[in-house]
Amino acid sequence: MKEITKKLPSFPGKAFLAPMAGITDPAFRLLCKEFGAGLVVTELTSINAIVAKERLLKEEKKKITEFIEFSEKERPLSIQLFGSDLKMLEKAVKIISPYADIIDYNMGCPAPNITQQMAGAALLQEPKLTRKIFRTLVENSTKPVTLKIRSGVSKPDKFLKIAKIAEEEGISMITFHPRTIKQGYSGKSDWSLIKKLKQSVTMPVVGNGDITSPEDTKRMLEETGCDYVMIGRAASSNPFLFTQVNDYLKTGKYQQISAKRKLKGFFSYLKYTRRYLSIKPSSIRMQAMNFTKGCMGARKLRGDLLGVNDVETIEKMMKDFYKSL
Ligand SMILES: Cc1cc2nc3c(=O)[nH]c(=O)nc-3n(C[C@H](O)[C@H](O)[C@H](O)COP(=O)(O)O)c2cc1C
């Protein structure tokens, strides 16, 4: 086993924000960080896209933050990569690792546009290539490398072997979403597999899948023995969940969040979006719809928001709704 010289940073909370393409933009990550997320991870980023920017970065005509937007306040920040061409991977890791605190590698994405490139979760069935990928990542990164996986392709039969290879190659932490590619997001994630994984590796394990409340978080930690949890969809409609989880784990109690407070969270998010060029009005609209999930009387608002594409109108509609509460 390779010696791990690159230590993981310390995490201020047990619950991490899951990477979610189209949702976890830098403004949303910052908000979750402020609400107590222990770690935030960028959306998956193509190694080819990073390498394509190499010349501009070298000539100092562009800064990395023009391609992958983030702020110092998000740290520790994990940058997630996907792609399996080893030469590209080596270059991309060398470019990106000085800026990240952690490099995360995606072997969990089931989307056909990713798996058809022999990337994401498709790699679960390629142990030899996977070993080379891990070696390339670890040898060329100046920061710890972590991994995010699913359980298998059509059956949950790949994760233990891949995790073992990961550990042998010096991967520092593993996030496990115990669903197969075939399952997509259907059915339930099988937390008993997280327990199995935790029992078979020595690196920290991050359990992921279907956490919707502080109680779920505690249950996953207790039932599986995992070291941390990662929360995705539930955080997208309630970023306050991180505060609730932290309070619950510390005191056994947490505050319910009123609709008004939730909307205030949206207005903070909106303020942060103004710092980033990459966040499109359509994403802001989607976040507005997410933030109103579970608010009484918001169904009509969400219907009305559907056709709106300018941020001022979105803001006005959200303010009017806030006043009506
Ligand atoms: C809209 C969406 C986008 C996602 N994008 C990514 C991604 O970029 N990288 C990744 O590793 N996982 C991605 N995921 C998977 C989540 O990180 C997480 O593993 C999954 O949603 C299960 O956690 P949850 O039940 O808490 O949502 C995405 C999930 C959703 C719903």
- Item | Amide proton proximity set for Thr45, modelled H, under 5 Å, gap of 5+ | Gln80, Leu81, Phe82
- Message: Need one number: the % of Cα-Cα pairs in region 1-108 sitting beyond the 17 Å mark.
- Response: 55
- So for the chain, taking the charge dipole from beta-carbon charges (+1 Lys/Arg, -1 Asp/Glu), which of Cys32, Ser84, Thr212 sits furthest toward the positive end? Thr212
- How far is the Cα center of region 116-163 from the Cα center of region 22-95, in Å? 19
- Item | Estimated vicinal HN-Hα couplings, Hz - region 173-189 in sequence order (Karplus 6.51, -1.76, 1.60; Gly, Pro = x) | 7, 10, 9, 10, 9, x, 10, 8, 4, 4, 5, x, 10, 7, x, 10, 6
- Message: Counting C-alpha atoms alone, how compact is region 259-324: give Rg to one decimal and Dmax as a whole number, in angstrom.
- Response: 10.9, 33
- Where does each of 69-75, 115-121 land if you order them by average Cβ count within 10 Å, highest first? 115-121, 69-75
- Message: Please enumerate, by chain and number, the aspartates and glutamates with C-alpha under 15 Å from the C-alpha of Lys218, excluding those fewer than 8 residues away in the same chain.
- Response: Asp210, Asp227, Asp247
- Message: Give me the percent relative contact order of the chain, please, defined on Cα pairs under 8 angstrom at least 6 residues apart.
- Response: 16
- Message: Using the Karplus curve 6.51 cos²θ - 1.76 cosθ + 1.60 with θ = phi - 60°, what ³J(HN,Hα) values do you get for each residue of region 292-303, in whole Hz, with x for Gly and Pro?
- Response: 8, 4, x, 8, 4, x, 8, 4, 5, 4, 5, x
- Query: To the nearest 20 debye, what is the magnitude of the charge dipole of region 1-160 about its Cα centre, counting +1 on the Cβ of each Lys and Arg and -1 on the Cβ of each Asp and Glu?
  - Reply: 440
- Task: State whether region 15-251 is rounded, prolate or oblate according to the following rule on the C-alpha gyration tensor (a ≥ b ≥ c being the square roots of its eigenvalues): a/c under 1.5 gives rounded; otherwise a/b larger than b/c gives prolate, and the remaining case gives oblate.
- Result: oblate
- Message: With an 8 Å Cα cut-off and a minimum separation of 6 or more residues, compute the relative contact order for region 188-295 in percent.
- Response: 22
- Task: Give a residue-ordered list of calculated ³J(HN,Hα) values for region 208-224 (Karplus: 6.51 cos²θ - 1.76 cosθ + 1.60, θ = phi - 60°; whole Hz; x for Gly, Pro).
- Result: 9, x, 6, 7, 10, 8, x, 5, 4, 4, 4, 5, 5, 4, 6, 6, 9
- Item | Choice from Gly36, Gly152, Gly187 with maximal GNM fluctuation in the chain (Cα, 10 Å cutoff) | Gly187
- Note on the structure: What helix-only [θ] at 222 nm does the chain give? Using -39500 (n - 2.57) per DSSP H run of at least 4, over all residues, to the nearest 500, the answer is -13000 deg cm²/dmol
- Rounded, prolate or oblate: which fits region 183-253, taking a ≥ b ≥ c as square roots of the Cα gyration tensor eigenvalues, rounded meaning a/c under 1.5, else prolate when a/b beats b/c? oblate
- Note on the structure: Residue separation between Glu215 and Leu277 times 0.36 nm, minus their alpha-carbon distance, gives in nm 18.6 nm
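Readers should treat all values here as calculations from the given coordinates under stated rules, not as data from a laboratory. The structure presented is a predicted model; accordingly, all values stated were derived computationally and were not measured. Because the Cβ atoms are built from the backbone with ideal geometry, glycine has one as well, and the counts that use them run over all protein chains shown.
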